[in-house]
Amino acid sequence: MKFLTLLSAACVLSAFAFISNTPGYRINGTVTGLPDSTWLYLRTAKPDKDIDSCRVMKGKFSMTGRIDQKAVPVYLHTARYTNYVHFWLENATISINVKAGEFKKGSITGSATQDEDKRLDEMRKPYRILADSLQKILDNTKDSTERKSLIKRMRAAYHNEQAVEKQWIKKNPNSLVSVNVLNVYASSWGKDTTRSLFQQLSSEMKTTLYGKQITDYLALNKDIKVGDHYADFEQMNVSGKYVRLSQIKGKYILLDFWASWCGPCRAENPKLALTYSRFKGKGFAVLGVSLDDNKNQWLQAVKKDELVWENVCDLNGDKNKAALIYGISAIPNNFLIDQNGIIVAKNLRGEELNKKLSMLLP
């Protein structure tokens, strides 16, 4: 990052602040509990990069710059994310008041998009609190009947939260928060619901980055189910060579979706390695598809987890095109494909996968 000047001996301005005469953002902040000269960073999530930074001086900090969009989600954080808060940055004057160790509880005003996000969050907050409390009870409950009841109530809370979000989108078609929420949950809500809600958004929101990503999902998603023929695709492997699913040979192929940042995925990898070693001689093959957007982290995970089968990635994160085609809303996730190209099973892991393969490949 190239710095241009110092502001009150405390703050560093980002280089793009003077690209245009168009008014940009100005962040005026106060913070308690951090010593003077502590660095604060302003970071975008996607792409993941710092766009501004400054030092705290006498409990205050300031940043000035300009973004080329209506609003972008950013993180204000200290080094190594020991403190951080997420908010929507706009080209406006924004006031931030935070306390060390409690950045998430801070006060942020001046961003209209952030205000919208707050209103939506307050509407869904009761259901999130209920779901969290039920989860805590579930974690300490062994009785099977009570567990079923708790799970049912949790699902109802999640359903009600999603109903709030869908209603928000319908009532706020020109809101960046609306198109962002729809983009986040597109795969979870499915193609039909996503298309219906997307059609209700304003033309301006449909042309945003989030709107374009939803358009990609609607165009690519094949709504593939067990019994359907697989959908082919091509992505780059760890050696930089493009590989198609149709090039993977085997009597049964596991199309495995994972990512280096996914804890459950990494926990499953050693189990899959054992399964692969056991059945590869009988015609079992695997194609791993990573939902990473950082090449080094992906390659390091492949090496560390000793994933000896073919692995591919397009570095588009959770917007990986293969994931969009197969409607992946959560990982780990997989599809088992037979020699005729038919999906014969989905989401088999560990012993379930071993049992299935023992039947198919005796």
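The values are calculated or read from the model by the stated rules, or taken from the named source; none is laboratory data. Remember, predicted model here, so these are calculated numbers, not experimental data. When we count neighbours, we look across all protein chains shown, and the Cβ atoms used for this are built from the backbone with ideal geometry, even at glycine. In case anyone asks, the SASA skips ligands and DNA or RNA and just uses the protein heavy atoms, side chains included. Shrake-Rupley method; radii C 1.70, N 1.55, O 1.52, S 1.80 Å.
When the convex hull of the Cα atoms of segment 285-362 is projected onto a plane and the area is averaged over all directions, what value comes out in nm²?
Projected over every direction and averaged, the Cα hull of segment 285-362 covers 5.7 nm².
Which listed residue (SER329, PRO47, ALA267) has the Cα farthest towards the positive end of the charge dipole for the chain, taking +1 on Lys and Arg C-beta and -1 on Asp and Glu C-beta about the Cα centre?
ALA267
Residues with amide H under 5 Å of VAL286's amide H, sequence separation 5 or more or different chain, H placed in the peptide plane at 1.01 Å from N; which?
Residues meeting the criterion, in which the H sits 1.01 Å from N, are LEU254, GLU310.
Mind checking the dipole of the chain: about its Cα centre, +1 per Lys or Arg Cβ, -1 per Asp or Glu Cβ, Debye to the nearest 20?
440 debye
Given a Förster distance of 35 angstrom, what is the FRET efficiency for GLU352 paired with ASN237, based on the Cβ-Cβ distance and rounded to 0.05?
Given R0 = 35 Å and the Cβ-Cβ separation, E is 0.80.
Could you name the lysines whose alpha carbon sits less than 17 Å from that of LYS142, not counting residues in the same chain fewer than 8 places away?
Within the straight-line limit of under 17 Å, LYS142 reaches these lysines: LYS152.
Counting DSSP beta bridges with both partners in the chain, what percentage is antiparallel, nearest 5? Intermediate values should be presented prior to the final figure.
Numbers: 46 of 63 bridges.
Once the DSSP bridges in the chain are tallied, antiparallel ones form about 75 percent.
Report the FRET efficiency, 1/(1 + (r/R0)^6), for MET359 and TYR84, where r is their Cβ-Cβ distance and R0 is 56 Å, rounded to 0.05.
0.70
What percentage of the solvent-accessible surface of the chain, computed with a 1.4 Å probe over protein heavy atoms, is contributed by carbon and sulfur atoms?
50 percent
Taking the Cβ-Cβ separation of ASP338 and ASP115 as r and a Förster radius of 45 Å, what is the calculated FRET efficiency to the nearest 0.05?
Computed FRET efficiency for ASP338 and ASP115 comes out at 0.30.
Who wins for biggest fluctuation among LYS241, LYS251, LYS295 in a Gaussian network model of the chain, springs between alpha carbons below 10 Å?
Fluctuation is largest for LYS241.
Determine the calculated [θ] at 222 nm for the chain from helices alone, applying -39500 (n - 2.57) to every DSSP H run no shorter than 4 residues and normalising by the residue count; nearest 500 deg cm²/dmol.
-12500 deg cm²/dmol
If you average 1/r across every pair of different Cα atoms in the chain and take the reciprocal, what Kirkwood value do you get, in Å?
Taking every pair of different Cα atoms in the chain, averaging 1/r and inverting gives 23.3 Å.
Counting Lys and Arg as +1 and Asp and Glu as -1, each charge on the Cβ, what is the dipole of segment 73-229 about the Cα centre in debye, to the nearest 20?
In total the dipole reaches around 420 debye.
Show which aspartates and glutamates lie in cross-link reach of LYS148 when reach means a straight Cα distance below 14 angstrom and same-chain residues fewer than eight apart are skipped.
Partners within reach: ASP139.
For the chain, what is the accessible area per residue in Å² when the probe is 1.4 Å? Mind dumping the intermediate values first?
Values: 19040 Å² over 362 residues.
Ligands and nucleic acids excluded, the result is 53 Å² per residue.
Past the 22 Å Cα-Cα mark, which pairs from LYS171/LYS206; LYS166/LYS206; LYS136/LYS171; LYS249/LYS295; LYS170/LYS206?
Correct reply: LYS136/LYS171; LYS249/LYS295.
Work from the charge dipole of the chain (Cβ charges, +1 for Lys and Arg, -1 for Asp and Glu, about the Cα centre) and give the residue of TYR230, THR208, GLY283 farthest towards its positive end.
Working it through, the farthest residue towards the positive pole turns out to be GLY283.
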